[in-house]
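The values are calculated or read from the model by the stated rules, or taken from the named source; none is laboratory data. As the structure is a prediction and not an experimental result, all values here were calculated from the model. Side chains are part of the model used for accessible areas, which takes the heavy atoms of the whole protein and leaves out ligands, DNA and RNA. Shrake-Rupley method; radii C 1.70, N 1.55, O 1.52, S 1.80 Å.
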Amino acid sequence: MLPITSVFAALLTLYFLRLAMAVIRLRRSNKVALGDGGVKELEGAIRAHGNFAEYVPFGLILMGLLEANGGYPLLIVALGCTLTVGRILQATALGKGNLKLRVTGMKMTVLTLVALSVTNLIYVAIFLLRG
């Protein structure tokens, strides 16, 4: 079982669906079937949804692998929280056009992915060295 990753996967999926609903609502209210129709708010919502879909799967895969490989639970929770907050900040910033918030969210996301990648590599190296 991967209980930590499962909780974050569920929470992030619910937020992903919230972002999808925002796109659908804006498409309906602006009568735009494809693309953003030149509507700035819709463009932001589409990018927030797409950006989320581009980064979150890598984070969850790396979290799951780290958890499966016996990673320290508190570290996995901390990285999951950082990924989640980073993605929420990014999505919120795209909706409001707030560049500072967007940069903060992106930094949190990238640093989390780097930390998860490096930690996984360290765990595998230790495993291989122990034979």
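Taking a straight line from the alpha carbon of Lys107, these aspartates and glutamates sit under 19 Å away, with near neighbours fewer than eight places off in the same chain left out: Glu54. Shown for region 1-114: the carbon plus sulfur share of the solvent-accessible area, taken with all protein chains present and a 1.4 angstrom probe, equals 70%. Sequentially through region 50-61, phi angles give Karplus couplings (6.51, -1.76, 1.60; θ = phi - 60°) of x, 4, 4, 5, 7, 9, 4, x, 4, x, 5, 4 Hz, Gly and Pro residues having no value and appearing as x. Along region 86-96 the Karplus relation, 6.51 cos²θ - 1.76 cosθ + 1.60 evaluated at θ = phi - 60°, assigns HN-Hα couplings of x, 5, 5, 4, 4, 5, 5, 5, 5, x, 9 Hz to successive residues, with x for each Gly and Pro.
Comparing Cα centroids, region 11-27 and region 56-116 end up 18 angstrom apart. For Lys31, the lysines whose Cα falls under 29 Å of its own Cα, not counting residues fewer than eight places away in the same chain, are Lys40, Lys96.
Under 1.5 on a/c is rounded, so check that first for region 33-131, then, if it is not, pick prolate when a/b is larger than b/c and oblate when it is not; a ≥ b ≥ c are the square roots of the alpha carbon gyration tensor eigenvalues. The shape class here is prolate. Could you go through region 118-125 in sequence order and give the Karplus-derived ³J(HN,Hα) for each residue, using 6.51 cos²θ - 1.76 cosθ + 1.60 with θ = phi - 60°, rounded to whole Hz, and x for Gly and Pro? Per-residue couplings from phi come out as 5, 5, 4, 4, 5, 4, 5, 4 Hz.
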